[in-house]
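**Q** Next up is a structure, given as structure tokens.
The values are calculated or read from the model by the stated rules, or taken from the named source; none is laboratory data. What you are looking at is a predicted structure, and each value in this text was computed from that prediction instead of being measured. Using ideal geometry, Cβ is built from the backbone for each residue, glycine included, and neighbour counts are taken over all protein chains shown.
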Amino acid sequence: MLQSESDLELSHILIEWYNENKRNLPWRNTNNPYAIWISEVILQQTRVIQGLDYFNRFIGRFPDVASLAAASEDEVLKYWQGLGYYSRARNLRMAAQDIMNRFGGTFPDAYQDILSLKGIGEYTAAAIASFSWNKPFPVVDGNVFRVLSRLYGMNVPIDTTDGKKQFSHLAGLIMDKSQAGLHNQAIMEFGALQCVPQNPDCLKCPLIHKCVANATNKIELLPVKQGKTKTRNRFFYYLYVTCKGKTWLHRREEKDIWTGLYEFPLIETERAMDFTELQQTKGFRRLFNDAGKLDISIGMEDVKHVLSHQIIYATFYKIEIERETDALRNFSILSCEEIEKYAVPRLIHIYLEKLGRNL
Ligand code: SF4
């Protein structure tokens with residue numbers, strides 16, 4: 001397919017709409033690739049309203065590549081706390097170090113170099129290259145999939161290799177390459193504000209006469225997804241162990257959710273258990289067999305915490321022990337007041353808030 005006048009006209013309508021309707025966001029008033037990069041990574045899994053605060057705080061503390069590269073992983077994770085998908089924060093820091101080493105601290109402007117940085121995929125590389133240097137790489141995110149599938153009535157599933165290829169090709173075709181950055185921002189914002197997932201206000205849409213989904217009454221059916229990924233249930237029992245004002249935390253190192261964050265001693269089980277059963281588990285006995293008398297109270301029970309592809313059912317017990325055990329020596333020991341200095345998963349943050357800590 002070759003680019004036609006009609007494709008370009010579409011791009012111009014989108015840009016005109018964007019100029020009239022865009023939200024005023026800090027990363028829109030800059031062509032600084034570092035700020036654009038940080039905003040794009042934050043916004044990958046986060047709503048704009050929530051992301052805005054994080055963006056301002058993050059940029060305030062780490063204003064450039066050098067400051068991010070020099071920071072400790074713990075500190076970067078602390079600034080990310082609550083945003084979820086923590087590998088994003090770790091990758092940002094590693095990519096910043098890579099920019100220092102390979103590019104002398106200057107953000108690379110070649111698409112392939114941007115793509116070679118840790119945590120940057122095709123979408124983010126296209127966003128940085130086009131927003132910062134007006135390079136003609138089309139962005140294809142969830143908003144763009146929706147807009148294109150409806151405008152062109154495309155029902156190839158967006159979560160297949162073939163679908164991604166077709167949408168990417170089309171996204172490039174309708175782009176006015178002389179205004180690549182503006183076009184990309186426009187189509188994303190159009191998806192976010194006008195062509196929304198549920199009940200878009202098509203009567204107000206400047207593209208209504210070009211929209212196949214509107215003409216064929218298929219708006220709610222597009223875009224098509226092939227299938228949902230199976231969700232896995234996990235059962236977490238967190239033990240907030242205390243002894244004379246001290247407590248113990250563990251840094252998650254394994255390749256799983258929340259790598260690099262801190263948590264209380266955890267017993268994970270295959271199914272839900274009451275406390276009597278939990279006490280019989282190997283993990284519990286190993287932790288407490290030489291702890292003396294246990295004073296146990298339940299903190300939060302069966303809290304449902306939904307992540308992508310998994311649901312965690314978490315229960316928190318507070319356990320005061322008489323003396324430190326051998327098993328606890330594998331954890332970091334700290335005073336209870338110091339917990340607030342550590343980056344913890346949102347689930348633990350909620351529990352601590354319930355306990356009355358001002359984190
Ligand atoms: S007419 Fe409706 S469905 Fe079509 S692009 Fe506009 S808002 Fe989206």
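**Q** Are there any helices (runs of 4 or more DSSP H) wholly within the range 11-88 with 2 or more residues that are modelled with pLDDT of 95 or more and in contact with a Gly (Cβ under 9 Å, 6 or more places away or on another chain), and if so which? Full working, then the answer.
**A** Details: elements: 33-43, 48-61, 65-70, 73-80.
Result: 33-43, 65-70, 73-80.
**Q** Hey, can you tell me all the residues within the range 70-122 that are closer than 30 Å to residue 351 by Cα, under 16 Å from the mean Cα position of the chain (by Cα) and of a type in the set (A, V, I, L, M, F, W, C)? Write out each step before concluding.
**A** Keep residues of the range 70-122 that are closer than 30 Å to residue 351 by Cα, which gives 71-93.
Subset that is under 16 Å from the mean Cα position of the chain (by Cα): 76-93.
Once the filter is applied, which keeps residues that are closer than 30 Å to residue 351 by Cα, under 16 Å from the mean Cα position of the chain (by Cα) and of a type in the set (A, V, I, L, M, F, W, C), the range 70-122 yields 76, 77, 80, 83, 89, 92.
**Q** I'd like the full set of residues that are out of contact with any helix residue (DSSP H, G or I) (no Cβ under 7 Å at 6 or more places or on another chain) and under 18 Å from residue 189 (Cβ atoms), limited to the range 47-63.
**A** Answer for the range 47-63, where residues must be out of contact with any helix residue (DSSP H, G or I) (no Cβ under 7 Å at 6 or more places or on another chain) and under 18 Å from residue 189 (Cβ atoms): 47, 48, 49, 50, 52.
**Q** Sticking with this structure for a sec: Which condition number in (1) within 16 Å of the ligand (Cβ to nearest atom); (2) under 21 Å from residue 220 (Cβ atoms) is the one that residue 160 fails?
**A** (1)
**Q** Within the range 302-318, is even one residue assigned to a strand (DSSP E or B) and on the phi > 0 side of the Ramachandran plot?
**A** Looking only at the range 302-318, we keep the residues that are assigned to a strand (DSSP E or B), and these are 302-307, 310-318.
When the remaining residues are screened for being on the phi > 0 side of the Ramachandran plot, the result is 302.
Checked the range 302-318: at least one residue is assigned to a strand (DSSP E or B) and on the phi > 0 side of the Ramachandran plot.
**Q** Take the residues of the range 239-262 that are closer than 15 Å to residue 321 by Cα and of a type in the set (Ser, Thr, Tyr): which is surrounded by the fewest Cβ atoms within 10 Å (Cβ to Cβ)?
**A** 242
**Q** Only one of 314, 327 is crowded, with 17+ Cβ neighbours inside 10 Å, out of contact with any Phe, Trp or Tyr (no Cβ under 7 Å at 6 or more places or on another chain) and not assigned by TED's automatic domain parsing to the domain that holds residue 78. Can you tell me which? Working first, answer last.
**A** Numbers: 314 fails: out of contact with any Phe, Trp or Tyr (no Cβ under 7 Å at 6 or more places or on another chain).
None of the others qualify; the one that does is 327.
**Q** Continuing with this model, one more query. For the list (1) hydrophobic (A, V, I, L, M, F, W, C); (2) closer than 21 Å to residue 134 by Cβ; (3) within 26 Å of the chain's Cα centre (by Cα); (4) surrounded by fewer than 20 Cβ atoms within 10 Å (Cβ to Cβ), I need the number of the one condition that residue 173 fails.
**A** Just one mismatch for residue 173, condition (3).
**Q** Within the range 256-271, can one find any residue that is away from the ligand (no atom under 16 Å from the Cβ), over 30 Å from residue 157 (Cβ atoms), in a loop (DSSP other than H, G, I, E, B) and in contact with a Cys (Cβ under 7 Å, 6 or more places away or on another chain)?
**A** From the range 256-271, those away from the ligand (no atom under 16 Å from the Cβ) are 256-271; that's our starting set.
Within this subset, residues satisfying the condition of being over 30 Å from residue 157 (Cβ atoms) are 258-271.
Checking the rest, the ones that are also in a loop (DSSP other than H, G, I, E, B) come to 258-261, 264-265, 270-271.
From what's left, in contact with a Cys (Cβ under 7 Å, 6 or more places away or on another chain): none.
There is no residue in the range 256-271 that is away from the ligand (no atom under 16 Å from the Cβ), over 30 Å from residue 157 (Cβ atoms), in a loop (DSSP other than H, G, I, E, B) and in contact with a Cys (Cβ under 7 Å, 6 or more places away or on another chain).
**Q** Looking for whichever is within 22 Å of the chain's Cα centre (by Cα), crowded, with 17+ Cβ neighbours inside 10 Å, modelled with pLDDT of 90 or more and of a type in the set (Val, Ile, Thr) here; the options are 348, 319, 267. Which one fits?
**A** Values: 319 fails: within 22 Å of the chain's Cα centre (by Cα); 267 fails: within 22 Å of the chain's Cα centre (by Cα).
Result of the check over 348, 319, 267: 348.
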